[in-house]
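Notes to accompany the following structure.
The values are calculated or read from the model by the stated rules, or taken from the named source; none is laboratory data. Small disclaimer: the values here were computed from a predicted structure and weren't measured. In this analysis, Cβ positions are derived from the backbone assuming ideal geometry, glycine residues included, and neighbour counts consider all displayed protein chains. Accessible surface is based on the protein model in full, side chains and every heavy atom, while ligands, DNA and RNA are left aside. Shrake-Rupley method; radii C 1.70, N 1.55, O 1.52, S 1.80 Å.
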Amino acid sequence: MQIPYELILGWRYTRAGRATRRNGFISFISGVSMLGIALGVAALIIVLSVMNGFQKEVRDRMLGVVSHIEIFAPNGAALPDVARTLAEVRANSQVVGAAPFIATQALLARGEDMKGTMVRGIDPASEPDVTDLAIELKNTSLMRLIPGDFGVVLGGELARSLGVGEGDKVTLVAPSGQVTPAGVVPRLKQMTVMGTFDSGHFEYDSALVLMHMDDAARIFRLEGPTGVRLKLKDLHQAPDVAAQLARTLTGELLIRDWTRQNRTWFAAVQVEKRMMFIILTLIVAVAAFNLVSTLVMTVTDKRADIAILRTLGASPQSIMGIFVVQGAMVGVIGTFAGLALGLAVAFNIDVIVPALEQLFHASFLPKDIYLISRMPSDPQQADIMPIAIISLVLAFLATLYPSWRASRVNPAEALRYE
């Protein structure tokens with residue numbers, strides 16, 4: 001099979017020899033363009049992989065505390081028929097676990113310190129079916145939550161802010177008080193700290209209080225659970241499953257999946273990721289359009305060669321194809337070099353970052369601030385493929401005008417002074 005001469009000449013010009021000072025300079029500019037494309041592509045892959053890693057890390061830690069779907073009665077009331085609701089949700093093939101719960105808010109006091117908290121009344125036997133945190137505490141703190149003992153398990157940050165530990169007493173202040181001749185008196189209940197937990201998610205570690213569901217019902221004067229929490233086979237199917245349950249469940253119930261509980265945060269991350277993609281793509285675009293200057297200088301230097309090819313019968317389209325091949329080769333080599341570098345760093349960032357921290361004696365992610373001690377990375381094909389395609393397209397577009405100018409060279413004028 002005969003290789004088209006356009007490819008052969010385009011590749012030869014890409015390797016621009018250094019026989020003359022001008023050729024050497026053209027070769028240098030071409031190498032800089034190639035390096036710029038490679039570094040831009042690598043930077044895009046690394047940054048987006050780290051952002052994906054942070055998003056996945058926060059999501060996994062959040063889902064260690066919250067369930068995939070929550071079903072609850074309006075206005076914080078008790079569910080009218082818990083057994084029927086549990087039976088109906090378990091009939092869905094995507095549901096692998098279900099547990100009743102009570103959710104409300106209260107104040108937790110220790111001496112003069114008082115904190116607003118999210119109180120979650122749970123069934124210690126069924127809670128491990130819906131959250132990873134309950135699985136970790138199954139054989140420790142949760143076993144100590146016995147009805148009538150009025151014990152609580154506190155988030156680690158909440159316990160530290162109140163200065164309490166296992167065995168200490170705290171006072172729970174219910175939001176609805178008792179009406180007396182002297183006015184409304186808040187209802188207080190002394191609770192015993194049975195243990196603490198650290199989920200790695202500050203919002204829950206600093207405000208969440210776990211107690212037995214029966215104790216919560218007595219303190220907050222509820223007739224039963226206020227909702228049911230679900231765990232699914234595939235967490236990404238939560239919005240679809242929530243829509244299915246909305247059509248099949250009996251009664252007026254509210255349904256909320258995990259993507260709606262932190263919608264603002266996830267939306268902010270997506271906007272930030274999109275903006276970073278645009279900004280870093282501009283770096284690739286600058287490097288790609290450096291090819292314009294490279295090809296313009298090449299066309300100027302090769303005017304005599306172009307004229308000879310035209311006199312030998314080469315068509316303007318063939319001349320244009322030669323320089324398109326040259327620019328495209330630079331773009332292809334730069335793009336694949338950037339892909340290799342970016343993926344190598346993204347997949348080994350957990351080794352590279354600790355080495356840099358040790359070298360510079362610095363901590364890039366202080367655990368007391370970020371609650372994440374390592375740099376996460378999650379390269380995704382959905383990000384990598386568009387990066388490669390955009391880089392190749394930009395490099396190809398940058399070749400069109402110089403190549404068109406090359407095809408318009410007049411052989412007679414080019415050879416007049418040769």
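Mind checking which aspartates and glutamates have their Cα closer than 12 Å to the Cα of Lys56? Skip sequence neighbours fewer than 8 apart in that chain.
Asp378
For the chain, give the magnitude of the charge dipole about the Cα centre (Cβ charges: +1 Lys/Arg, -1 Asp/Glu; no others), in debye to the nearest 20.
1620
Contour minus end-to-end for Gln270 and Asp132, with contour as 0.36 nm per residue of separation and end-to-end as the Cα-Cα distance?
The Gln270-Asp132 span can extend by a further 47.1 nm.
Give the aspartates and glutamates reachable from Lys231 as a straight Cα distance under 13 Å; neighbours fewer than 8 places away on the same chain don't count.
Counting by Cα, and skipping residues close in sequence, Lys231 has these aspartates and glutamates nearby: Glu70, Glu127, Asp129, Asp132, Asp257.
Once you keep just the Cα pairs under 8 angstrom separated by 6 or more residues, what percentage relative contact order results for the chain?
28
Kindly identify the range 278-413 as rounded, prolate or oblate by the Cα gyration tensor criterion: order the square roots of the eigenvalues as a ≥ b ≥ c, call it rounded if a/c is under 1.5, otherwise compare a/b with b/c, prolate if a/b is larger, else oblate.
prolate
Per residue, how much accessible area does the range 281-335 show when a 1.4 Å probe rolls over the protein heavy atoms, in square angstrom?
Accessible surface, normalised per residue, equals 39 Å².
Counting each DSSP H run of 4 or more residues in the chain as -39500 (n - 2.57), what helix-only mean residue ellipticity at 222 nm follows after dividing by all residues, to the nearest 500 deg cm²/dmol?
-18000 deg cm²/dmol
Once the mean 1/r over all distinct Cα pairs of the chain is inverted, what Kirkwood radius in angstroms do you read off?
Averaging 1/r across every pair of different Cα atoms and inverting gives 26.6 Å.
What does the charge add up to near Arg221, with Lys and Arg as +1, Asp and Glu as -1, over the other residues with Cβ less than 15 Å from its Cβ?
Here the charged neighbours net out to 0.
For the chain, with the dipole built from +1 on Lys and Arg beta-carbon atoms and -1 on Asp and Glu ones, taken about the Cα centre, which of Ile219, Ala42, Val332 lies farthest toward the positive end?
Val332
Spelling out what I want: for every residue of the range 47-62, take phi, set θ = phi - 60°, compute 6.51 cos²θ - 1.76 cosθ + 1.60 (Karplus), and round to whole Hz; glycine and proline get x.
5, 5, 5, 5, 5, 4, x, 4, 4, 5, 5, 5, 4, 5, 5, 5
For the range 203-284, which GluC sites (Glu not before Pro) are in a loop by DSSP, counting at most 16 other Cβ atoms within 10 Å?
Glu223, Glu252
Counting only heavy atoms of the protein chains, get the accessible area per residue of the range 82-228 (1.4 Å probe) and round it to a whole Å² value.
Averaged over the residues of the range 82-228, the accessible area is 46 Å².
When the chain is fully extended, how far beyond the present Cα-Cα distance does Ala125 get from Gln105, taking 0.36 nm per residue of separation?
4.9 nm
Heavy atoms only, probe 1.4 Å: what % of the accessible area of the chain goes to carbon and sulfur, would you let me know?
Heavy-atom surface of the chain belonging to carbon and sulfur, 1.4 Å probe: 59 percent.
What is the spread of the Cα atoms of the range 54-117 along each of their three principal axes, largest first, in whole Å?
That works out to 49, 38, 16 Å along the principal axes.
Exactly which trypsin sites (Lys or Arg not before Pro) in the range 45-149 are in a DSSP loop and have at most 14 other Cβ atoms within 10 Å?
Lys138
To the nearest 10 degrees, how steep is helix 263-301 against the longest Cα principal axis of the chain, on a 0 to 90 scale?
Result, in degrees: 10.
For a test of the definition: using alpha carbon positions, the gyration tensor, and the 1.5 limit on a/c, classify the range 68-222 as rounded, prolate or oblate.
Cα axes put the range 68-222 in the oblate bin.
Using a Förster distance of 30 Å, how high is the FRET efficiency between Arg260 and Leu343, based on the Cβ-Cβ distance and rounded to 0.05?
0.35
Is the range 23-131 rounded, prolate or oblate when judged by the Cα gyration tensor, a ≥ b ≥ c being the square roots of its eigenvalues, rounded requiring a/c under 1.5 and prolate requiring a/b larger than b/c?
It is prolate, given that a/c is not under 1.5 and a/b is the larger ratio.
To make sure I understand the rule: partners must be lysines, Cα under 24 Å from the Cα of Lys169, and not fewer than 8 residues away in the same chain. Which ones qualify?
The qualifying lysines are Lys115, Lys138, Lys189.
Would you mind calculating the gained length between Ala246 and Ser161 on full extension (0.36 nm times residue separation, minus the Cα-Cα distance), in nm to one decimal?
Contour length minus Cα-Cα distance gives 26.6 nm.
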